[in-house]
Amino acid sequence: MKQFDSQVNEFVDNLIEESASLESPTVHSLFPSVLCEKERNKLRHTRPPPDQGKLFVSRRSLLDELFEVNHIRTIYHMFIALLILFIISTLAVDFIDEGRLVLDFDLLVYAFGQLPLVVSTWLCMFFSAFVVPYVLFHQWARHYRTSSHRALGSLLAGALFLLFQVLVMGFLPTYVVLRNNLPPASRFIIILEQVRLIMKAHSFIRENVPRVLSSTREKNNSMSTPQVSQYLYFLFAPTLIYRDSYPRNPSIRWGYVATKFLQVLGCLFYAYYVFVRLCIPQFRNISLQPFKLRVMVLCVFNSILPGVLVLFLAFFAFLHCWLNAFAEMLRFADRMFYKDWWNSTSFANYYRTWNVVVHDWLYYYAYRDFLWMLGKRFRAAAMLSVFTVSAVVHEYALAICFGFFYPVLFCLFMCFGMLFNFILHDRRKGPIWNVIMWTSLFLGQGVLLCLYSQEWYAQRYCPVQNPTFLELLKPRSWTCHQQVSSAGRTD
């Protein structure tokens, strides 16, 4: 009955979303009663107009619905049991080797170091993203209707906003990270927030500028601009698409919020034990060995399990727990932050369902804008442009956070990702294609974890004094084993 009720709720939500663009008020009066087949078919084939944008409706996260099924909740219990075994094994090894039963979290303390600097940097970033775009937009909108030099004023405002995005939001946080040599987790906090605030500021300007232009063309004197509270709410809301208002829940379940934050904390400790038990012992001395195909193959396949666990933990901690916690505190009702990406039979569907929040931004502000500029005949070029933007941003985040340039993710994303996107397309629906998708995903996670871990230790084993630009671009793990082995002979 719970599964049936969940399916009925999903059907009604989809029905409301599809009918939201209809102008006839009689449609909404039909929801309390049973819709006839003709009316259901009419609503099913009704779609919002192309410029309508994303429609937000009230709906739960998929995992919250699935966890009400005992069989799915048992899988969650299995991951908890595995965490308990990680803790017990760490205690046992420490007791056998060092004769103590004290859990040591030196890796977490190191990874999240210099938190006061991180918090102060984030406050400056947030205050800048809150004040500058809002004030700049309001000044431009106020003078646009009465100015006789609209093109010049718009060009000046656009240039100022672009300089703000590039210099203030782009360059300064990166400079703080590199100048103070922050540890990796602290770097991830600043860089991911940097990207998030840049995308939110772009969405705010992108959604409101057309409103001002259309209002001016229609000579509408009652044009309304967003209020400060609406923009402030958007900066915290778990979405990258700006709206003046969103569907809201009637109340806040503080117990639900506490549970989600505790699960985020649990995922952090889970990742800590994955690295301590499965990664560090494997990669600590791997750069000391000369390069051989056998060593590389074993490294990749030994990295698949920890890589997949890190993938699951990142998805569950951020896309489910973190976003749902903030959505609950803000009473944000649309909880579709992801879809059933695990059932994907194509990489195209996986890219659309893995992270719906980022996908919506890329679709509405990158893909559709590229089509608007290039024309609908250039859909492949628009898709390639979106892939390139996404790959560059991902590689930028990894390069800054890890402290070295090693474009493994970029190559996988642009080469194999694009290839699989066209080969494993949406028309392939058989179970074998889901197996192929998971096999490729597992192997990709093993390659990423293996190569990035090798480069991480090689950067520390083989430091280069005053490196040239070419030495910064060349991966250190390609030659580090030779230097270390020769140094070991002399020692």
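Summary table
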read-out	value
Filter result (of a type in the set (A, V, I, L, M, F, W, C) and open to solvent by 50 Å² or more (accessible area, probe 1.4 Å)) within the range 337-357	TRP342, TRP354
Among residues of the range 256-281, those that are modelled with pLDDT under 85 and either among the β-branched types (Val, Ile, Thr) or outside any helix (DSSP H, G or I) (or both), counted	2
Elements of type helices (runs of 4 or more DSSP H) contained in the range 367-473, each with 2 or more residues being closer than 23 Å to TYR351 by Cα	368-374, 379-402, 408-411, 418-423, 431-461
From PHE312, PHE318, PHE326, PHE301, residue being farther than 21 Å from LEU63 by Cα and open to solvent by 10 Å² or more (accessible area, probe 1.4 Å)	PHE301
Lone qualifier among VAL135, VAL177, VAL168 - being among the β-branched types (Val, Ile, Thr) and either open to solvent by 90 Å² or more (accessible area, probe 1.4 Å) or without any contact (Cβ under 8 Å) to a residue 12 or more places away in the chain (or both)	VAL135
The range 239-256, residues that are open to solvent by less than 40 Å² (accessible area, probe 1.4 Å) and either within 23 Å of the chain's Cα centre (by Cα) or of a type in the set (D, E, K, R) (or both)	THR239, LEU240, ILE241, TYR242, TYR246, PRO247, TYR256
Selection status of ALA366, open to solvent by less than 50 Å² (accessible area, probe 1.4 Å), touching an Asp or Glu at 6+ places or on another chain (Cβ under 7 Å) and either modelled with pLDDT of 90 or more or among the small types (Gly, Ala, Ser) (or both)	no
Qualifying helices (runs of 4 or more DSSP H) (wholly inside the range 299-355; at least 1 residues being in contact with a Phe, Trp or Tyr (Cβ under 7 Å, 6 or more places away or on another chain) and among the aliphatic types (A, V, I, L, M))	304-314, 323-329
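The values are calculated or read from the model by the stated rules, or taken from the named source; none is laboratory data. It should be emphasised that the depicted structure is a prediction, and the values quoted were computed from it without experimental measurement. Every residue, glycine among them, receives a Cβ derived from its backbone with ideal geometry; neighbour counts consider all protein chains shown. Accessible surface is based on the protein model in full, side chains and every heavy atom, while ligands, DNA and RNA are left aside. Shrake-Rupley method; radii C 1.70, N 1.55, O 1.52, S 1.80 Å.
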